[in-house]
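Have a look at the structure below before the remarks.
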Amino acid sequence: MASNAALDIRFPSDVQQIEEVVAQVVRRCRECRFDGRQLSLNVPVALTEALSNAILRGNCDDARKQVRVRADVSELRLVLEVEDEGEGFDLEACTQDPTSLENLAREDGRGLFLMRSLMDEVERYRGAGNVVRLTLIRR
């Protein structure tokens, strides 16, 4: 096994692309012998949420805009970066607890909460566009 395995995927903002992109990342992690439980739950759910947010919120569901996913798998961790062409957002202000009384009936606002629950670290920064970085430590 190589010490690092990288993946860099660009695709048009289309929710139909999410499943295949997630499958490619999971395959790469499996090749690097990442934990099976993390590959069956943490990675696909968190990455699906990040991609969905990038497409629907960051790129406003505009198929002319691109989403970029970078994955770096090492001996210690998986680092995923999802980049869209949006303006960005305040990670703290946008993370809502869906179990709180005022949010129970809402149909949105669960993605960031899920990402933060399933990953060891979730960050947002400006790159060429808006970037969400998800980090998962190997178990």
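None of the figures in this text is laboratory data; all of them are computed from the coordinates on show. Since the model is a prediction, treat every value here as computed from it, not as a measurement.
The stretch between Asp35 and Arg124 holds 29.5 nm of extra length on full extension. This uses 0.36 nm per residue minus the Cα-Cα distance.
Subtracting the Cα-Cα distance of Asp62 and Arg27 from their residue separation scaled by 0.36 nm leaves 9.8 nm.
The calculated pair-distance distribution of the range 6-54 uses every alpha carbon pair, bins of 5 angstrom beginning at 0, and gives 5, 21, 33, 24, 13, 5 percent.
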